[in-house]
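The values are calculated or read from the model by the stated rules, or taken from the named source; none is laboratory data. Bear in mind the structure is a predicted one, so any value in this text is a computation, not a measurement. Here the Cβ is made from the backbone with ideal geometry for all residues, glycine too, and neighbour counts use every protein chain on show. Calculation scope for accessible area: heavy atoms of the full protein, side chains included, ligands and nucleic acids excluded. Shrake-Rupley method; radii C 1.70, N 1.55, O 1.52, S 1.80 Å.
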Amino acid sequence: MKASSGSLSERTVERLREGVTRVDDRPPLVVRSPFTDERVGAVPACQPADVAAAAERARAAQEAWAARPIEERAGVLQRFADRAIEAREELLDVVQLEAGKARLDAHVELLDVVLTADYYARRGPTHLDAARRAGGIPLLTTAVERHDPVGLVGLIEPWNYPLTLAISDMLPALLAGNGAILKPAEATPFCALRAVELLTEAGVPEDLVQVVTGEGPTLGEPLVSNVDHVTFTGSTETGRTVAALAGEHLVDASMELGGKNAAVVLGDADISQAVRGLVHGCFANAGQLCISFERIYVEEGLYDDFISEFVDATEALTLGASLDFAADVGSLIGQHQLDTVEDHVADARERGATVETGGRRREDVGPLFYAPTVLTDLPEDATAACEETFGPVVSVTPVADADEAVVRTNDTPYGLHASVWTDDTDRGEALARRIETGSVSVNDAFLGMWAATDAPMGGVGDSGIGRRHGGDGIRKYTETQTVATQRVHPLAPVDGVPNRVAAVATTYGIRALRRLRRFSPLERE
Ligand code: NAD
């Protein structure tokens, strides 16, 4: 597959289209490159019957997959990581073509997929190990907790990280022994299809992973009603719809949603490091990143120096639409995203904010490019201060002290990610504990947190339900079963012993048991 012409070859498009499950001819859903608005290719706009067929096929393949030793499934994940590295150039081309991002941002997606596959191949089995739990009555009862695959996992994914989000959340589901149905975003199906091809090349059995392409509102209900767990990543608004569907069908769900992330720069921070980290933290993927920053609070003493260095560093960023590593910042994904960014900046201007840099389209680079933008004097009730922009726009605001920074950081219904910059990491970690988000980075924007695959990440409040990564990120794809075995006598009324006597005896028994537990070294551990 070569994409140097700025498009995928007809043969590649045709081959990848074959990876979409459908039971009939479907109208085409055209995918366009954000860089040029040229047609990349088309995929079928699947219908509910296609989702039902996908579920049937994946379920038929799942049982045999779950019966294979987990070490074999882990081996498939490792081979997938190898295949992804081998195929990196073409994967980066497809990510850039579909999502319009800078190649370095596409490369981060590749790294994530490889690291996640490697992590779950190595550590996933341990997260699912059977665990002995304390029995109801010491010595007489044993209890063992086990994790079985739920069966079929549905994944509804957005366009902003089309490789990472299509695959990285699926890998633990597969390792746990599940089948999967993936519904990629309308704008970015080819990344998902190519990655699923690589999974098949790595040894994922035929039919275990199904891909349905098409419109979310058409496929959402059939998908949720046909699976045993749904993982949704996308906007909070759509997340509410999907969560309601999951509630209606009593299907377990995890929701990775939007954010309005803030960074706090304390007075003792190293300005250059904070600027370097936050320029990347705000403008990576042209700000279309759930954990990027749209607000920065800087302690007053440092504010003037910070804003001057930050604006200079922002202006030094290069924009570009080529399939190489030349540019720092890529395009917005579509007209709707550009409209949102323009609306937020126009509203900020009307309310008296200062545009320190940016604040304009860059049609000279491509139809959907927007200059990285820094706002100051942004009123607290401005749209860009309250709502997720999901674009290259950040406001910088001075604060009197760390306490005010915490109050303002927490003043949002979202709670996804934050960062704290300080010379004193103990102080930074203590401040992080006061911030109401699922993750906080100290002296880093987000990459170190994201790359800590062993640690769960996700959002609180309007930013989501559930976690990806770590043990939480795989156990959510399992049903927990407890097997409790009574060694001597069932815990049931004993013939000939009156209930009143049994009640008195068990009350004394419970007292003795509590005392025993209090003094038992095992319990104190
Ligand atoms: P979106 O909610 O518009 O779409 C996400 C997915 O949902 C797409 O596949 C879409 O087709 C599907 N969808 C749309 N309507 C649906 C419906 N009624 N039923 C079922 N599915 C439906 O989001 P987007 O614009 O693609 O992505 C941007 C948003 O995603 C931002 O808010 C961003 O913060 C969020 N996001 C969150 C994370 C995270 O990990 N928390 C990661 C990436 C993006």
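Counting Lys +1, Arg +1, Asp -1, Glu -1, what net charge surrounds Gly330 among other residues with beta carbon under 14 Å of its beta carbon?
So the environment of Gly330 carries a net charge of -3.
For the chain, take the longest principal axis of its alpha carbons; what is the angle in degrees between that and the long axis of helix 300-315, to the nearest 10 within 0 to 90?
The answer is roughly 70 degrees.
Using a Förster distance of 25 Å, how high is the FRET efficiency between Gln335 and Glu10, based on the Cβ-Cβ distance and rounded to 0.05?
That pair, Gln335 with Glu10, gives E of 0.40.
Amide H of Thr357 versus every other amide H placed in the peptide plane: which residues, excluding those fewer than 5 positions away on the same chain, fall under 5 Å?
Close amide H contacts, sequence-distant or interchain: Val374.
Out of the DSSP beta bridges found with both residues in the chain, what percent are antiparallel (nearest 5)? Could you put the intermediate results ahead of the total?
Details: 24 of 64 bridges.
If we restrict to bridges inside the chain, about 40 percent are antiparallel.
About the Cα centre of segment 326-411, how large is the charge dipole given +1 on each Lys and Arg Cβ and -1 on each Asp and Glu Cβ? Please answer in debye to the nearest 20.
380 debye
What number, in nm² with one decimal, is the all-direction average of the projected area of the convex hull of the alpha-carbon atoms of segment 167-234?
Here the figure is 4.6 nm², rounded to one decimal.
Which order do you get for Val144, Val483, Val31 if you rank them by accessible area with a 1.4 Å probe, largest at the top?
Greatest to least solvent exposure: Val483, Val144, Val31.
For segment 1-138, what class follows from the C-alpha gyration tensor (a ≥ b ≥ c being the square roots of its eigenvalues): rounded when a/c is under 1.5, otherwise prolate if a/b is larger than b/c, else oblate? Intermediate results must be reported in sequence, preceding the final value.
On the way: a/c = 2.73, a/b = 1.58, b/c = 1.73.
In terms of gyration-tensor shape, oblate.
Which whole-percent values make up P(r) of segment 240-290 when all C-alpha to C-alpha distances are grouped in 10 Å steps starting at zero?
20, 30, 22, 17, 11, 1
Report Asp328's accessible area, 1.4 Å probe, all protein chains in place, as a number in Å² to the nearest 10.
70 Å²
Once R0 is set to 22 Å, what does the formula 1/(1 + (r/R0)^6) return for the Cβ-Cβ distance between Arg518 and Thr482, expressed as a FRET efficiency to the nearest 0.05?
Result of the calculation: an efficiency of 0.35.
Quick one: ranking Val113, Val504 by accessible area, 1.4 Å probe, largest first, what do you get?
Ranking Val113, Val504 by accessible area, largest first, yields Val504, Val113.
Counting other Cβ atoms within 10 Å, keep those with at most 11, restrict to DSSP loop, and tell me which GluC sites (Glu not before Pro) in segment 280-370 are left.
On the way: sites: Glu294, Glu299, Glu300, Glu309, Glu315, Glu342, Glu350, Glu356, Glu363; in loops: Glu363.
Of the GluC sites (Glu not before Pro), the ones in loops of segment 280-370 whose Cβ has at most 11 other Cβ atoms within 10 Å are Glu363.
Name the shape class, rounded, prolate or oblate, that the alpha-carbon gyration tensor gives for the chain, where a ≥ b ≥ c are the square roots of its eigenvalues, rounded holds for a/c under 1.5, and otherwise prolate holds if a/b is larger than b/c and oblate otherwise.
It comes out oblate by the Cα gyration axes.
What whole number of Å gives the distance from the Cα centroid of segment 157-236 to the Cα centroid of segment 487-514?
So the separation of the two Cα centres works out to 52 Å.
Considering the dipole of the chain built from charges on the beta carbon (Lys and Arg +1, Asp and Glu -1) around the Cα centre, which of Leu175, Leu257, Gly135 is farthest to its positive end?
Gly135
How would segment 261-453 be classified by its alpha-carbon gyration tensor: rounded, prolate or oblate, with rounded meaning a/c under 1.5 and the a/b versus b/c comparison settling the rest? Before the final figure, lay out the partial values.
Details: a/c = 1.63, a/b = 1.40, b/c = 1.16.
It comes out prolate by the Cα gyration axes.
Could you give each residue of segment 342-350 its phi-based ³J(HN,Hα) in whole Hz, using Karplus coefficients 6.51, -1.76, 1.60 with θ = phi - 60°, and x for Gly or Pro?
5, 4, 5, 6, 4, 4, 4, 4, 4
How far apart, in nm, are two points set 7 Å out from the Cα along the Cα-to-Cβ line at Arg240 and at His489?
5.8 nm
GluC sites (Glu not before Pro) within segment 370-478: which are DSSP loop residues with at most 13 other Cβ atoms inside 10 Å?
Counting only loop positions with at most 13 other Cβ atoms within 10 Å, the GluC sites (Glu not before Pro) in segment 370-478 are Glu380.
Can you work out the FRET efficiency for the pair Glu309 and Thr425, with r the C-beta to C-beta distance and R0 = 30 Å, to the nearest 0.05?
Efficiency, from the Cβ-Cβ distance: 0.85.
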